[in-house]
Amino acid sequence: MSKLTEHRSCTAQCNKPVPVELHAAGLCVSHFTFNVEKACADMHRQIAMCGVSAERQTEITLYLVECSAMLAHVTSTLSLSDQLKRRVLSTFLCLMNLRETLERSSSVGASPIRPPSRIAAAATA
Ligand SMILES: [Zn+2]
């Protein structure tokens, strides 16, 4: 845990410090998890209501990968309170559920998660 970088306060104005792991997001752990969960809920709704284009699927997949990596980094380098641990776990769950929803919505073929060539091959076999 190096504290060599400058002190940053959460952009959600809660005055909590932003850990180095979350500098890209500019948020404290608590606000980061809230934001991710809210974004997941929004995307979930979007997929359920109107489906998603292949381009949007790629965007969501990238978002999932990025957030999961940041959260994993936080959990492996910071000591978190029990309350924050619970928050982080529930955020991981949201990310995993969104991924499942995304996969289900793209079962027809163009999923960015699985190589499309294999799916196409299986469909024509
Ligand atoms: Zn905050």
Inset, instruction - Select from segment 4-15 the residues that are exposed (fewer than 11 other Cβ atoms within 10 Å of the Cβ) and near the ligand (Cβ under 10 Å from one of its atoms) and write down the one among them that is nearest to Val74 (Cα to Cα). - result: Asn15
Legend entry - Inter-residue pairs, beta-carbon under 7 Å, first surrounded by 15 or more Cβ atoms within 10 Å (Cβ to Cβ) and in segment 41-61, second in a helix (DSSP H, G or I) and modelled with pLDDT under 90, 6+ apart: Ile47/Ser105; Val52/Ser105
Inset, instruction - Mind counting the residues in segment 22-32 that are more than 10 Å from the ligand (Cβ to nearest atom) and in contact with a Ser or Thr (Cβ under 6 Å, 6 or more places away or on another chain)? - result: 0
Inset, instruction - Answer with yes or no whether Ala41 is assigned to a helix (DSSP H, G or I), more than 9 Å from the ligand (Cβ to nearest atom) and at pLDDT below 90. - result: no
Inset, instruction - Scan segment 45-63 and give yes if some residue there is aliphatic (A, V, I, L, M), in contact with a Leu (Cβ under 7 Å, 6 or more places away or on another chain), modelled with pLDDT under 95 and not in a loop (DSSP other than H, G, I, E, B), otherwise no. - result: yes
Inset, instruction - Kindly establish whether Val18 is buried (at least 17 other Cβ atoms within 10 Å of the Cβ), within 16 Å of the ligand (Cβ to nearest atom) and free of Cβ contacts under 8 Å to residues at least 12 places away in the same chain. - result: yes
Inset, instruction - Among residues belonging to segment 23-40 that are touching a Leu at 6+ places or on another chain (Cβ under 7 Å) and surrounded by fewer than 19 Cβ atoms within 10 Å (Cβ to Cβ), point out the one that is farthest from His73 (Cα to Cα). - result: Asn35
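The values are calculated or read from the model by the stated rules, or taken from the named source; none is laboratory data. Nothing here was measured: the structure is a model prediction, and the numbers come from that model. Don't worry about glycine lacking a Cβ; one is built from the backbone with ideal geometry, like all the others, and counts go over all protein chains shown.
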